[in-house]
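The values are calculated or read from the model by the stated rules, or taken from the named source; none is laboratory data. All values reported here derive from a predicted model rather than from experimental measurement. Cβ: placed from backbone, ideal geometry, glycine included. Neighbour counts: every protein chain shown. Heavy atoms of the whole protein, side chains included, go into the accessibility calculation; ligands, DNA and RNA do not. Shrake-Rupley method; radii C 1.70, N 1.55, O 1.52, S 1.80 Å.
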Amino acid sequence: MTKPSLARRVAACSAVRTTVSLLAAGTIALPVTATAQSWPTKPIRLLVGFAPGGGTDIVMRAIAPKLGELLGQQIVVENRAGASGTIAADQVAKSAPDGYTLLAGHANSNAIAPHVLPKVPFDALNDFTPIIYVGFVPNVLVVTPSLPAKSVEELIALAKAKPGTLTYASSGVGSTQHLAGALFNQIAGTEMTHIPYKGSGQAVIDLVAGQVNANFDTMPPVLEQIKSGKLRALAISTSQRLSQLADVPTFDEKGIRGFDVTNWYSIMGPKGMPADMVMKIDAAVKKVLADPEVRAKLDPQGVQFGGPRTPEAFREFIRAENAKYARMVRELNIKAE
């Protein structure tokens, strides 16, 4: 085969150098994956792993409209309930990292359930892009008014008098409510029976109706029922009493020490999301959480802000939470029913 002439080789090298120079200068545009400059150009799906009416659903629906305004596209909240939020988490984990499918990341699906359920189809630490920690809500021990227990002490006495008879509901196996009930049983020496649901919505309905006796639910789905007298609150998991439930004592006040179960919320995406897109969402959510209209919706629900303030710090928080709950699940000998 005839070799190219010297002139042709020189011309080819010159063309390569010119192309590289133009690319460096940004003159030639090449197809790229979605980045913060072009994203978003269509509605964004935000998957909630629980049924409507639960704490996660309430918090995300308060955030979504304002977040959509800031990003310039509608945020569509979709409920994918079941398996303690892991069905929604799995769907997001298997989605393209283009910013159009996000997850309402949760303590249940991303820190607890992976250590309780026999098989979770994703890696809680490596299959997601942590974007922003939103906050947490305390767990409240509530009982149906028909139960003759008006205090933690009376509930413990009643549970000990009838071992295995009293029941407590949860939003699913491996949920914070599940762990909270198991931890309460261990600390108080009781044997209440766990009844899992697919979310807090139906669990609260059955609790109000007296189909189950108790729940260690988050504040948002039970607050109005407490205020209306449809549920009786006995204790709250914060270190100090909250103004929204000023008459409800903390677990510490009632001698239930070491009640370290926190129901946190966040926004996450599939692994591999571009860093500039992550920072764009992070900045937008921070603006939303500072908006007076949004705070007026979240503050009455008992949402506590603070926590990790950067995506990197949030990633380390998730690692610490997984380690904590793996240890707690092991110590409590919690297994999927």
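Which FRET efficiency value, to the nearest 0.05, do you get for Ala323 and Thr41 by plugging their Cβ-Cβ distance into 1/(1 + (r/R0)^6) with R0 = 41 Å?
On the way: r = 39 Å, r/R0 = 0.95.
Computed FRET efficiency for Ala323 and Thr41: 0.55.
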Problem - Candidate lysines for bridging to Lys230, where Cα separation is under 27 Å - those fewer than 8 sequence places away on the same chain excluded - result: Lys150, Lys160, Lys162, Lys198, Lys254, Lys297
Fill in the blank from the handout: Once Lys94, Lys162, Lys280 are ranked on solvent-accessible area with the largest value leading and a 1.4 Å probe, the list reads Lys94, Lys162, Lys280
Handout entry: Distant-in-sequence amide H partners of Val77 (H built 1.01 Å from N, under 5 Å)
Key = Leu46
Completion exercise
Once the in-chain neighbours fewer than 8 apart are removed, the lysines whose Cα is under 18 Å from Lys280 read Lys42, Lys66, Lys271
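Using just the Cα positions, wrap segment 220-337 in a convex hull and report its mean projected area in square nanometres, one decimal place. It would help to have the intermediate numbers written out before the result.
Values: hull surface 40.8 nm².
Seen from a random direction, the Cα hull of segment 220-337 projects 10.2 nm² on average.
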Fill in the blank from the handout: For the chain, the percent of accessible surface on carbon and sulfur atoms (probe 1.4 angstrom, ligands and nucleic acids excluded) is 55 percent
Practice task
Determine the principal axes of the Cα atoms in segment 51-98, then give the extent along each, sorted from largest to smallest and rounded to whole angstroms.
Solution key: 32, 28, 10
Completion exercise
Sorted by chain and then number, the residues having a modelled amide H within less than 5 Å of the amide H of Phe50, at least 5 places away or on another chain, are Arg80
Fill in the blank from the handout: Amide H proximity to Lys271 below 5 Å, modelled H, separation 5+ or other chain, gives Phe128, Thr129
Exercise for the section: Report, in whole Å, the centroid distance computed from the Cα atoms of segment 286-337 and segment 38-69. Expected result: 17 Å
Fill in the blank from the handout: Rounded to the nearest 10 Å², the 1.4 Å probe accessible area of Ile226 is 30 Å²
Practice task
Only helical DSSP H runs with n ≥ 4 go in: add -39500 (n - 2.57) per run for the chain, normalise by residue count and round the 222 nm mean residue ellipticity to 500 deg cm²/dmol.
Solution key: -12500 deg cm²/dmol
Handout entry: segment 240-337 - accessible surface per residue (Å², probe 1.4 Å)
Key = 50 Å²
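Return an integer: the convex hull volume of the alpha-carbon atoms of segment 159-278, in Å³ per residue. Show your work: numbers first, answer last.
Values: hull volume 17.6 nm³, N = 120.
Looking at segment 159-278, the number lands at 147 Å³ per residue.
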Practice task
Beyond 12 Å, what share of the Cα-Cα pairs of segment 294-337 is found? Please give it as a whole percent.
Solution key: 72 percent
Practice task
Quickly work out the Ala161-to-Ser239 label distance, labels modelled 7 Å from Cα along the C-beta direction, and quote it in nm with one decimal.
Solution key: 3.7 nm
Practice task
With a point put 7 Å past each Cα toward its Cβ, work out how far Leu332 is from Glu253 in nm, to one decimal.
Solution key: 2.3 nm
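Report the net charge of residues surrounding Pro300, where surrounding means a beta-carbon distance below 12 angstrom and charges are Lys +1, Arg +1, Asp -1, Glu -1. Could you put the intermediate results ahead of the total?
Details: positive: Lys227, Arg295, Lys297; negative: Glu224, Asp299.
Neighbourhood net charge equals +1.
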Problem - Extended-chain gain in nm, criterion 0.36 nm per residue less alpha-carbon gap, Glu154 and Leu70 - result: 25.3 nm
Fill in the blank from the handout: Phi angles of segment 139-146, converted by Karplus (6.51 cos²θ - 1.76 cosθ + 1.60, θ = phi - 60°) into ³J(HN,Hα) in whole Hz with x for Gly and Pro, give 8, 10, 7, 10, 10, 5, x, 6
